[in-house]
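> Sharing a structure, written as structure tokens. Questions coming.
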Amino acid sequence: DYNFINLLYCYGSGFMGRREEPIKHDETEVDLYMTGYNNYLDIRESIFAEVEEPPKNVILTGMSAGGLAVVHLCDDFTDWLTTVRYPGTADKINVKCIADGSFFVDAPGIDANGRNSMLLAFKSMVNLHQVEKSLNQNCLKKYRNMFGSLENSEFLDANGNLIADATTMCFLPKYAAQFSKNPILFIQSAYDTWQLPKVFLTTKIFGRRDTARKNTCNEIDKCDKRDTVKQLQLYDWI
């Protein structure tokens, strides 16, 4: 006696992109539009257009990048549902949010010369899709102030390694979830088999500290066990 609606996404910014101008793909000369947030607006209108009576319970959930979208859009979706689509139903519609496999951890890799692989990986995507407009502005203000000024977004260590970036941080659930008004349930494995090999233990792109170790693994059971154990201990501590 419930409705299940599944939305497919095709890129990692998770219905957050607000790029105003498309990018021309060099090889195919196809225009690439990164306007995921507009897709989200149209989708919610379409879903509830023919639902005349306010629903009693709504669960907004997503997996991986879709779960990131849930973290960022939970409050926005709830406010729209209870004040715009069904005005005056804030105390009648029960909205809950679930992010499945979406708690991407902001931590330097143990074998990456101090570089923060997750921040580096997401920073370029956040800039490409112009996600900042979709982020929680209170989050951006808080972490930019921590770095000394509203204009300063990055924080580097003495060697010039990126260890913090306010805009990218506020895209990650560790920081963004602090500002969510609605409760969010995170479903997350204690040892994320995607993050460990592909983010923390694969340092080919970002440089190596120990050239004797060959962590270019895509599966956790194929990673260098010496690094794997250390990273699991770090992940467990986080």
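> How much accessible surface does Phe77 have with a 1.4 Å probe, in Å² rounded to 10?
Roll a 1.4 Å probe over it and Phe77 shows about 10 Å².
> Further, regarding this structure: How about Lys142: which aspartates and glutamates have a C-alpha closer than 19 Å to its C-alpha, ignoring those fewer than 8 places off in the same chain?
Asp75, Asp106, Glu132, Glu151, Glu154, Asp165
> Here's something else I'd like to know. Exceeding 30 Å between C-alpha atoms, which entries from my cross-link table qualify? They are Lys92/Lys141; Lys24/Lys222; Lys133/Lys225; Lys96/Lys141.
Result: Lys92/Lys141; Lys24/Lys222; Lys133/Lys225 exceed 30 Å.
> Ordering Trp237, Trp194, Trp80 by accessible area with a probe of 1.4 Å, largest first, what comes out?
Result, largest first: Trp237, Trp194, Trp80.
> Could you tell me the accessible area of Val84 in Å² (1.4 Å probe, neighbours in place), rounded to the nearest ten?
90 Å²
> What ranking of Asp100, Asp26 comes out by heavy-atom accessible area, probe 1.4 Å, highest first?
Correct descending sequence by accessible area is Asp26, Asp100.
> For the full complex of protein chains and a 1.4 angstrom probe, list His72, His25 by accessible area with the highest value first.
Descending accessible area places them as His25, His72.
The values are calculated or read from the model by the stated rules, or taken from the named source; none is laboratory data. Fair warning: this is a prediction, and the values are worked out from it, not measured in the lab. Areas reflect the complete protein model, heavy atoms only, side chains present, ligands, DNA and RNA absent. Shrake-Rupley method; radii C 1.70, N 1.55, O 1.52, S 1.80 Å.
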